[in-house]
Amino acid sequence: MRRLVASLLSVLVLLALLAPAALARVGHDGGQGTYGEANDKVVTNAGFILIAAFPLFIFCASMIQWRLDVRKERRKQAAKARAARTDLRGGW
(Lines give C-alpha, C1' and ligand atoms only; values in the text may rest on other atoms or scores of the structure.)
Protein backbone atom coordinates (compact mmCIF):
# COMPACT_ATOMS: atom_id res chain seq x y z
CA MET A 1 0.00 0.00 0.00
CA ARG A 2 2.89 2.32 0.76
CA ARG A 3 4.34 1.75 -2.70
CA LEU A 4 1.03 2.59 -4.33
CA VAL A 5 0.71 5.86 -2.42
CA ALA A 6 4.32 6.78 -3.18
CA SER A 7 3.88 5.96 -6.86
CA LEU A 8 0.66 7.95 -7.18
CA LEU A 9 2.20 10.89 -5.36
CA SER A 10 5.28 10.89 -7.59
CA VAL A 11 3.15 10.67 -10.75
CA LEU A 12 0.98 13.59 -9.60
CA VAL A 13 4.06 15.68 -8.81
CA LEU A 14 5.56 14.85 -12.21
CA LEU A 15 2.36 15.83 -14.02
CA ALA A 16 2.10 19.04 -12.03
CA LEU A 17 5.67 19.94 -12.98
CA LEU A 18 5.14 19.16 -16.68
CA ALA A 19 1.79 20.94 -17.05
CA PRO A 20 3.17 24.50 -17.33
CA ALA A 21 5.55 23.46 -20.09
CA ALA A 22 2.71 21.89 -22.04
CA LEU A 23 0.50 24.95 -21.66
CA ALA A 24 3.25 27.48 -22.49
CA ARG A 25 3.65 26.39 -26.10
CA VAL A 26 5.40 28.86 -28.37
CA GLY A 27 3.23 30.34 -31.09
CA HIS A 28 -0.51 30.45 -31.54
CA ASP A 29 -2.35 27.84 -33.60
CA GLY A 30 -5.61 29.76 -33.91
CA GLY A 31 -7.50 27.11 -31.96
CA GLN A 32 -7.08 24.45 -34.64
CA GLY A 33 -5.41 21.84 -32.46
CA THR A 34 -2.91 19.27 -33.64
CA TYR A 35 -4.98 17.80 -36.49
CA GLY A 36 -5.79 21.03 -38.25
CA GLU A 37 -9.05 22.68 -39.14
CA ALA A 38 -12.10 20.74 -37.98
CA ASN A 39 -14.46 21.17 -40.91
CA ASP A 40 -17.66 19.18 -41.49
CA LYS A 41 -15.91 16.34 -43.32
CA VAL A 42 -13.42 15.78 -40.49
CA VAL A 43 -16.16 15.77 -37.84
CA THR A 44 -18.36 13.43 -39.90
CA ASN A 45 -15.51 10.98 -40.48
CA ALA A 46 -14.65 11.02 -36.77
CA GLY A 47 -18.30 10.25 -35.99
CA PHE A 48 -18.34 7.33 -38.42
CA ILE A 49 -15.16 5.98 -36.86
CA LEU A 50 -16.79 6.11 -33.43
CA ILE A 51 -19.95 4.44 -34.74
CA ALA A 52 -17.85 1.56 -36.05
CA ALA A 53 -15.41 1.39 -33.13
CA PHE A 54 -17.87 0.89 -30.27
CA PRO A 55 -19.62 -2.21 -31.66
CA LEU A 56 -16.24 -3.62 -32.70
CA PHE A 57 -14.91 -3.12 -29.18
CA ILE A 58 -18.02 -4.73 -27.67
CA PHE A 59 -17.69 -7.70 -30.03
CA CYS A 60 -14.00 -8.20 -29.22
CA ALA A 61 -14.60 -7.92 -25.47
CA SER A 62 -17.50 -10.41 -25.72
CA MET A 63 -15.36 -12.92 -27.62
CA ILE A 64 -12.58 -12.62 -25.04
CA GLN A 65 -15.07 -13.11 -22.21
CA TRP A 66 -16.60 -16.14 -23.98
CA ARG A 67 -13.17 -17.77 -24.38
CA LEU A 68 -12.35 -17.10 -20.73
CA ASP A 69 -15.67 -18.66 -19.65
CA VAL A 70 -14.98 -21.76 -21.76
CA ARG A 71 -11.53 -22.06 -20.21
CA LYS A 72 -12.96 -21.65 -16.71
CA GLU A 73 -15.53 -24.39 -17.28
CA ARG A 74 -12.83 -26.77 -18.57
CA ARG A 75 -10.71 -26.11 -15.50
CA LYS A 76 -13.70 -26.69 -13.20
CA GLN A 77 -14.49 -29.99 -14.92
CA ALA A 78 -10.86 -31.09 -14.71
CA ALA A 79 -10.75 -30.25 -11.00
CA LYS A 80 -13.97 -32.16 -10.44
CA ALA A 81 -12.61 -35.20 -12.30
CA ARG A 82 -9.34 -34.99 -10.36
CA ALA A 83 -11.27 -34.86 -7.08
CA ALA A 84 -13.37 -37.86 -8.10
CA ARG A 85 -10.24 -39.91 -8.85
CA THR A 86 -8.62 -39.09 -5.54
CA ASP A 87 -11.75 -39.52 -3.44
CA LEU A 88 -10.90 -42.39 -1.11
CA ARG A 89 -13.97 -42.18 1.09
CA GLY A 90 -15.33 -45.46 -0.17
CA GLY A 91 -17.67 -47.50 1.95
CA TRP A 92 -17.38 -51.08 3.23
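The values are calculated or read from the model by the stated rules, or taken from the named source; none is laboratory data. Because the structure is a prediction, the values reported are computed rather than measured. As a convention, Cβ positions derive from the backbone with ideal geometry for all residues, glycine included, and neighbour counts pool all protein chains shown. Remember, those area values only see protein heavy atoms, side chains included, never the ligands or the DNA or RNA. Shrake-Rupley method; radii C 1.70, N 1.55, O 1.52, S 1.80 Å.
Just a few scattered comments:
- Surface composition of the chain: carbon plus sulfur atoms contribute 67% of the solvent-accessible area (1.4 Å probe, protein chains only, all chains present).
- Dipole of the chain computed with +1 at Lys/Arg Cβ and -1 at Asp/Glu Cβ about the Cα centre; of ALA21, THR34, PRO55, farthest Cα towards the positive end is PRO55.
- Exposed-site-free run, longest, the chain (rule: trypsin sites (Lys or Arg not before Pro); DSSP loop; at most 15 other C-beta within 10 Å): 26-88
- Taking all protein chains into account, the per residue accessible area for the stretch 1-83 stands at 96 Å² (1.4 Å probe).
- Were the residues from ARG85 through PHE48 laid out at 0.36 nm apart, the gain over their Cα-Cα distance would be 7.7 nm.
- When nucleic acids and ligands are ignored and a 1.4 Å probe is applied, GLU37 ends up with an accessible area of around 130 Å².
- A probe of 1.4 angstrom, applied to the heavy atoms of all protein chains, finds LEU12 with accessible area near 110 square angstrom.
- Nearest-ten-degree value, helix 40-85 long axis tilted from longest Cα axis of the chain: 20
- Acute angle (nearest 10 degrees) that the helix 2-23 long axis makes with the longest principal axis of the chain, alpha-carbon atoms: 20
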